[in-house]
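What follows is calculated from the coordinates using simple rules that are stated; it is not laboratory data. It should be emphasised that the depicted structure is a prediction, and the values quoted were computed from it without experimental measurement. Reconstructed Cβ throughout: ideal geometry from the backbone, glycine too, with neighbour counts over all protein chains shown.
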Amino acid sequence: MMSTFFIPLPFLPSHILLDFFLQFLIDSLQMAKKIVLLFILSTLVGCSGLERSEQKKVRQQNLTVSPIERQEDEVFFPFPEIKVQKRASYPWESKRIGAHLRITKEFFRCRGNVLNPPIQLHKYKKLVYHLDCGGIERHSLPIKDGREFIYPILIDLLNHIQEKTGRRVLITCGHRCPAHNLYSDASKGARSSKHLIGGEVDFYVEGFEENPTAIVEVLQEYYGATFQRSNRFSNGATPSWYNKEVAITLYHSHEGRDFDNDHPYPYLSLQALFDRESRRAVRFNWHQAYNGYLKN
Ligand SMILES: [Zn+2]
């Protein structure tokens, strides 16, 4: 049998009582600390979710939708005035060189015209009538890689002449379609002319009508070298000037006359011999000449 022995508190020694009291105090404090911590934690956890959902509810209850109405002249923030700045054009973009229009492939279009009277030609030992072509409304320039094409060196050189002399280059014959080529010059040699493929141009320069050799000098200056001379590019009296890229032929006022060059001046003919882009010699091509352009 266990027997419990109680000693009444007032009869315990004083130091034991103090220990007991202190221990009790420490335990109580620790317990209180835990309770406070738990309370803070539960408040924090409970508030965040609850408060948010409550806020959402309140916001939805208070939500009123009304369209924004604004007067025509009502401006909250004034716009700064927009100034269009024009970019300075690059030299190659300019439409003019000095006082003259920049030469483009448009200047090379066929000069044929339906209003030109028919001419008589000998064909298969018969005398037949031949009509001029319909001109630029009826056909395009030679087509290369899906685009109208004139050998760029011709365009560049003519622009160079305009730039250096300050005078206008007058193109008398650029591209010729087969119909206009025959109309303009029915000679046998003309049938394989590079005019048909956009590789030749006839021109003279305003102010230099009687001095075409000055223009040849301008071109020599451009290449920084003198040209070689040969008679194989024309049947004219003056041997042509040529290098790898171009041949220049001078026709005096009594030479090289055809329908397009029916004027009183000597003129120059510039023929492309080498194409820098494709790095190939420019040769006459029958298929290209007679089918390599669009017509309607
Ligand atoms: Zn034509």
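In this Cβ point-charge picture (+1 for Lys and Arg, -1 for Asp and Glu), the chain has a dipole of about 1180 debye about its Cα centre. Loop-resident GluC sites (Glu not before Pro) (DSSP state other than H, G, I, E or B) in the stretch 15-120 with no more than 16 further Cβ atoms inside 10 Å of their Cβ: GLU69, GLU72, GLU74, GLU81, GLU93. The chymotrypsin sites (Phe, Trp or Tyr not before Pro) of the stretch 84-127 that meet both conditions, a loop assignment by DSSP and at most 14 other Cβ atoms within 10 Å of the site Cβ, are TRP92, TYR124. When ASP156, ASP258, ASP145 are sorted by how many other C-beta atoms sit within 10 angstrom of their C-beta, beginning with the fewest, the order is ASP145, ASP156, ASP258.
Comparing ILE35, ILE215, ILE150 in a Gaussian network model of the chain (Cα springs below 10 Å), the most mobile by mean-square fluctuation is ILE35.
Quick check on my link table: of LYS194/LYS244; LYS188/LYS244; LYS95/LYS244, which ones sit more than 23 Å apart, alpha carbon to alpha carbon?
From the list (LYS194/LYS244; LYS188/LYS244; LYS95/LYS244), the Cα-Cα distance tops 23 Å for LYS188/LYS244; LYS95/LYS244.
Comparing GLY198, GLY146, GLY174 in a Gaussian network model of the chain (Cα springs below 10 Å), the most mobile by mean-square fluctuation is GLY146. Prolate is the label for the stretch 89-199. Its Cα gyration tensor axes, ordered a ≥ b ≥ c, give a/c of at least 1.5 and a/b above b/c.
Kirkwood hydrodynamic radius, computed over distinct alpha-carbon pairs, for the chain: how many Å, to one decimal? Result for the chain stands at 27.2 Å.
Between ASP27 and PHE76, the FRET efficiency from the beta-carbon distance, with R0 = 51 Å, is close to 0.15. Full extension of the chain between ILE119 and VAL84 yields a length gain of 6.9 nm, computed as 0.36 nm times the residue separation minus the alpha carbon distance. Farthest toward the positive end of the dipole of the chain, out of GLY146, PHE39, ASN211, is the Cα of GLY146, where the dipole comes from beta carbon charges about the Cα centre. For PHE274, the residues whose amide H sits under 5 Å from its own are VAL282, ignoring neighbours fewer than 5 places away on the same chain, with H placed 1.01 Å from N. Extension gain, ASN231 to VAL65, is 50.6 nm, computed as 0.36 nm per intervening residue step minus the present C-alpha separation. Mean residue ellipticity, 222 nm, helices only, the chain: the sum of -39500 (n - 2.57) across DSSP H runs of n ≥ 4, divided by residue count and rounded to 500, is -10000 deg cm²/dmol.
Compared with the dominant principal axis of the Cα atoms in the chain, helix 212-223 is inclined by about 40°. Residue separation of GLU51 and ARG283 scaled by 0.36 nm, minus their Cα-Cα distance, works out to 74.7 nm of gained length.
Considering only PRO118, PRO264, PRO67, the Gaussian network model of the chain with Cα springs below 10 Å gives its largest mean-square fluctuation to PRO67. Based on C-alpha pairs under 8 angstrom that are at least 6 apart in sequence, the chain has a relative contact order of 15 percent.
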